[in-house]
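The values are calculated or read from the model by the stated rules, or taken from the named source; none is laboratory data. Here the structure is a predicted model, which is why all the values come from computation and not from measurement. Note that we place each Cβ from the backbone using ideal geometry, even for glycine, and neighbour counts take in every protein chain shown.
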Amino acid sequence: MEVSLRKMLVMLFLFFIGTFVVVVSPVRAWVLIWDEYVLGTGGEVVSPVLENETLYRIVADEVWWYDDEFNNLAADAQYYTTDPSNSWIWGNYFPAPDGHSFLQINGTDVNWGDFSNGDTGHTYNIFRYGEGVALSFEIIDWMDGNYTNNDCKIRVRIYESVTVGGYVVDSDQTGMVALPLIGLVVAALLITVPVVWRSRKAES
């Protein structure tokens with residue numbers, strides 16, 4: 001009987017802690033705010049203004065051709081292939097020359113991360129905080145600089161970080177949720193502790 005009561009106390013304690021964490025811990029969600037294509041033939045695409053100090057996730061995926069006219073050679077945001085046999089599932093790949101990225105933000109290179117082949121959609125994710133300004137995206141052809149033999153595009157999506165659930169805005173509401181839970185645990189302790197004590201006294 002004593003063992004089962006101990007188990008019950010542990011379960012009640014864990015239930016209280018778990019419920020309290022759910023009440024007060026933030027839960028992050030990502031809301032899509034922008035979805036556009038950046039052309040391999042050149043030209044900037046401008047995003048909406050990103051709010052200051054708000055966290056955003058920027059996703060770039062798909063491929064473009066840096067030599068479509070003759071060789072069917074493709075690149076994505078960060079890497080390129082010299083294998084013309086398959087422009088989606090690449091037989092080889094290399095980073096953009098001289099530490100550059102093909103997809104630039106505000107005219108500067110971006111480290112889009114490790115290589116993603118066609119099985120993962122040539123998909124890259126980066127995170128950055130807004131600075132109260134828009135972002136411009138542009139594909140730079142570092143291979144031959146000839147945009148007339150380029151084709152296709154990179155899809156760029158921007159997700160805004162929002163908090164859903166977790167935080168209770170009104171402190172009074174926090175008390176209304178937390179206090180009954182505390183009361184439940186205290187009541188359980190008041191009931192079970194004397195029972196355990198009597199059980200031990202009877203055994204002695």
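Quick notes
- Residue list for region 89-121, restricted to those being more than 23 Å from Gly145 (Cβ to Cβ) and either of a type outside the set (A, V, I, L, M) or not in a loop (DSSP other than H, G, I, E, B) (or both): Gly91, Gly113, Asp114, Phe115, Ser116, Asn117, Gly118, Asp119, Thr120, Gly121
- Listed by first and then second residue, the pairs linking a residue in region 108-130 that is under 30 Å from Asn52 (Cα atoms) and basic (Lys, Arg) to a residue that is outside any loop (DSSP other than H, G, I, E, B) and modelled with pLDDT of 95 or more, with Cβ atoms under 7 Å apart and 6 or more places separating them unless they lie on different chains, are Arg128/Tyr56; Arg128/Ile58.
- Some residue of region 50-60 being touching a strand residue (DSSP E or B) at 6+ places or on another chain (Cβ under 7 Å), within 25 Å of Asn149 (Cα to Cα) and not in a loop (DSSP other than H, G, I, E, B): yes
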